[in-house]
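Visitor: So that we are looking at the same thing, I have put the structure below in structure tokens.
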Amino acid sequence: MKADASLANWRSLDEQLGPDCLRIASYNLHGCVGRDGERDAERIAGVIAQLGCDTIGLQEVYHLDLLAERTGLQAIAGPPYVWHGRHVGNALLTRRRVLEVRNHDYTWPRHEPRTALDVDLDVEGETVRVIVTHLGLKPVERRFQVRKLLDLIKATPLYERVVVLGDINEWLPLSRPLRWLNALLGHSPRERTFPARWPLFALDRVWVRPRHALLAFGAHRSPLAVQASDHLPVKAIIASRELPHRLAAARPAQRLRVLGRSR
């Protein structure tokens, strides 16, 4: 699908849908250090504002209070880890009501701290579980961490909507961790997000249970996003429980498609 057509479809769908649909994004901030080597949280806040999402999962977080202030979103922080001078924690920004917050430590011994920030949100009366994570660089780490994630998701009641997002650090599309996640949650669409200037790898992902609730997905590529971090953010629109049936009844001939790249 052409980028311009994708953008038009995204905007059209976004305008049609109400607040019962979750607009959510995932963004690796690289500690707010951009391509120029400068640490600039204001620039990151500008990218977040461009996304038009009500909930954003963040990795490699820095200056979270400023980001919350500039965007007007509530901040939920995971443990603020620093590893060899790098900010490596996870966080969530949202304007939805927060019901419960949990943190899970998935660190492989003697390696960079890795966690999952696990948040229950109230989306127009429906509980949606959002899990923000950043997986390890070594295959053995990622296999261990994905097994932990799968156990967490399997323990979640089937009636509860689940969103898993983050920097998965999987360079190979047929890797075991990706196959395991896709088998449980349905296929995650691929959009190249790293490196931001010339994206080659689809490291940043979103999974939704049930899979048909994922109405739109795309990488956000703008001049500011290319400069602000080494990753491009990805964003998704997620349906409420009854929306697919309502749309199908209203427009039976039109099928909603997972969208390609937006700008």
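Visitor: Going through segment 52-161, which trypsin sites (Lys or Arg not before Pro) have at most 12 other Cβ atoms within 10 Å and a DSSP loop state?
Guide: Hits after loop and neighbour filter: Arg110.
Visitor: So, in nm, how far is label Arg35 from label Trp198 when the simple model puts each one 7 Å beyond its Cα toward the Cβ?
Guide: Here the answer is 1.1 nm between the modelled labels.
Visitor: Just to verify a number: FRET efficiency for Val140 and Arg11, C-beta to C-beta distance, R0 = 45 Å, to 0.05?
Guide: In this case the efficiency is close to 0.60.
Visitor: Let me ask something else. Quick one: which residues, 5+ away or cross-chain, put their amide H under 5 Å from the amide H of Gly218? H built at 1.01 Å from N.
Guide: Lys235
Taken together, the values in this text are just the output of simple stated rules run on the coordinates, not laboratory data. This one's a predicted model, so the numbers in the text were calculated from it and none came from an experiment. With ideal geometry, Cβ positions are generated from the backbone for all residues, glycine too; neighbour counts draw on all protein chains shown.
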